[in-house]
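Enquirer: Handing you this structure, nothing more for now.
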Amino acid sequence: MASPVQRPVVVIIGDVMVDVVVVPLGPFNRGSDTPSRVVISPGGSAANQAVALAAAGAEVHLVAAVGDDEFGRAAAGALAATGAQVHLQVCRGQRTGVVVALIDASGERSMLTDRGANLGLGTDALDPVLFVAGRHLHLSGYELLDEATRPVGLAALQLAAAAGMTRSVDPCSAGPLAAVGPAAFLSWTKGIEWCCANLDEGRALTGAIGPDDVLAALRPHYREVVVTLGAEGALLSGPGTDRLHCSADEVEVADTTGAGDAFTGTFLARRLSGDRPEQALRAGLAAAARVVAEPGARSWR
């Protein structure tokens, strides 16, 4: 009888935010009122991924920063309720990060971001006891994309490598990737086991346009690459699998906020638990489909 796969332990470094999701209910009235549906919920790419990892069965340790304000306390409580173990650096006198997501008629979102206390996350938040052989590090790309948090992102990658941990990264956002330069990001993350990017992020990193070309261009930098394609599903390339495509289920999209995070967290948990690539892709796509059905990445609990 095969030995049972040990529950994966994942250390994740990144942002905790408050999401303010705005869905206009009619044409935008510049300089006046536009009736809208506004949802305030816990968010942050790393926090969302931590929740998805925990829901998919991983033991999760989230390292992040919040302000000493009501939003920070509420975000910490919401995370604790999910089963994730939270290692929060409280930045005195700082506000917890906030992102305003404006949702268009297709459900796609554009974000106005104030990272707030997240910019205060320092290398002293990286407790060495978290970095142990057999564990996995997942790094939110936002830590590398901002000069203020780049030291903690690079230090986390180095600590994990020294400990013999596997590693993964989410590039997070095409605009900041283009600003920092794809060559720099690829040099910081080259050789790690997983990169999970959406198509726009992949295009920013490679200069390629077609999904297959993006996948092929990223593959030399990482052991296994996933490129998500929204309603078109996801692509994967890795050892023994040059190209794997899984379609997404057709769903009515209310808001895409957090869908990529749900995919990434679920996919990683399943791969680390021993699932084959196709099984992990399908589980990630199913998690993303559940998130897009309503505004907000997560509801307050």
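Each value in this text was obtained by applying a stated rule to the coordinates, not by laboratory testing. All figures in this text were calculated on a predicted structure; none of them were measured in a lab. Cβ placement follows ideal geometry from the backbone for every residue including glycine, while neighbour counts extend to all protein chains displayed.
Enquirer: Within 10 Å of each candidate Cβ there may be at most 12 other Cβ atoms; applying that plus a DSSP loop requirement, which GluC sites (Glu not before Pro) in the stretch 115-218 survive?
Expert: Listed in order of number, the matching sites are GLU147.
Enquirer: Evaluate E = 1/(1 + (r/R0)^6) for ARG73 and VAL251, where r is the Cβ-Cβ distance and R0 equals 25 Å; express this FRET efficiency to the nearest 0.05.
Expert: The value I calculate is 0.15.
Enquirer: Would you mind giving the three semi-axes, in whole Å and largest first, of the ellipsoid equivalent to the stretch 75-150 according to its Cα gyration tensor?
Expert: So the equivalent ellipsoid measures 26, 17, 15 Å along its semi-axes.
Enquirer: In whole Hz, what ³J(HN,Hα) sequence does the stretch 35-52 give by Karplus (6.51, -1.76, 1.60; θ = phi - 60°), x for Gly and Pro?
Expert: Whole-Hz 3J(HN,Hα) from phi for the stretch 35-52: x, 8, 9, 10, 10, 10, 8, x, x, x, 4, 5, 4, 4, 5, 4, 5, 5.
Enquirer: Between ASP275, ASP127, ASP261, where does the largest GNM mean-square fluctuation fall for the chain, given springs only between Cα atoms within less than 10 Å?
Expert: Looking only at ASP275, ASP127, ASP261, the largest GNM fluctuation is found for ASP127.
Enquirer: Comparing ALA208, ALA133, ALA262, which has the greatest mean-square fluctuation in the GNM of the chain with Cα pairs linked when under 10 Å apart?
Expert: Evaluated over the chain, the most mobile residue of the options is ALA133.
Enquirer: Still on this structure: What list of ³J(HN,Hα) couplings, whole Hz, do you get for the stretch 175-185 from phi and the Karplus terms 6.51, -1.76, 1.60, once you set θ to phi - 60° and write x for glycine and proline?
Expert: Along the stretch 175-185, the couplings run x, x, 4, 5, 5, 7, x, x, 4, 5, 4 Hz.
Enquirer: GLU294 label point, 7 Å along Cα→Cβ, cut-off 16 Å on backbone N: hits in the stretch 54-95?
Expert: It comes to no residues whatsoever.
Enquirer: Continuing with the same structure: Taking the Cα centre of the chain as origin and charging only Cβ (+1 Lys, Arg; -1 Asp, Glu), how large is the dipole, in debye to the nearest 20?
Expert: Dipole magnitude for the chain comes out near 600 debye.
Enquirer: At 7 Å along the Cα-to-beta-carbon direction for both ARG243 and VAL38, put a label point, then send me their distance in nm to one decimal.
Expert: Those two pseudo-labels are separated by 4.7 nm.
Enquirer: Another one. Write down, largest first, the equivalent ellipsoid semi-axes of the stretch 127-249 in whole Å, where each equals the square root of 5 times an eigenvalue of the alpha-carbon gyration tensor.
Expert: 24, 18, 12
Enquirer: Relative contact order for the stretch 1-124: what is it in percent, counting Cα pairs under 8 Å that are at least 6 residues apart?
Expert: Across the stretch 1-124, relative contact order equals 28 percent.
Enquirer: Also: Could you list ILE40, ILE192 in order of exposure, starting from the residue whose Cβ has the fewest other Cβ atoms within 10 Å?
Expert: Neighbour counts put them in this order, fewest first: ILE40, ILE192.
Enquirer: May I pose another question? Highest mean first, what order results for 212-224, 164-176 on Cβ atoms within 10 Å?
Expert: Per-residue mean Cβ counts within 10 Å order the peptides as 164-176, 212-224.
Enquirer: Just add up the charged neighbours of LEU139: K/R +1, D/E -1, any other residue whose Cβ is under 12 Å from the Cβ of LEU139.
Expert: Residues near LEU139 contribute -2 overall.
Enquirer: Could you check which residue among THR257, THR266, THR113 shows the biggest mean-square fluctuation in a GNM of the chain with a 10 Å Cα cutoff?
Expert: Of THR257, THR266, THR113, the most mobile in the Gaussian network model is THR113.
Enquirer: Just to check I understand the Karplus step: with θ = phi - 60° and J = 6.51 cos²θ - 1.76 cosθ + 1.60, what whole-Hz values come out for the stretch 211-228, glycine and proline as x?
Expert: Running phi through 6.51 cos²θ - 1.76 cosθ + 1.60 with θ = phi - 60° gives x, 5, 5, 4, 4, 5, 6, 7, 4, x, 8, 9, 5, 9, 10, 10, 10, 8 Hz.
Enquirer: With an 8 Å Cα cut-off and a minimum separation of 6 or more residues, compute the relative contact order for the stretch 37-102 in percent.
Expert: Contact order relative to length: 36 percent.
Enquirer: Given a cut-off of under 8 Å on Cα pairs at least six residues apart, what relative contact order in percent is computed for the chain?
Expert: RCO, the chain: 18 percent.
Enquirer: Going by amide H atoms built from the backbone, whose H comes under 5 Å of the H on VAL253, apart from near neighbours?
Expert: Amide H neighbours of VAL253, under 5 Å, 5+ apart: none.
Enquirer: Go through 152-161, 244-253 and give me the packing order, highest mean Cβ count within 10 Å leading.
Expert: For the peptides 152-161, 244-253, the packing ranking is 152-161, 244-253.
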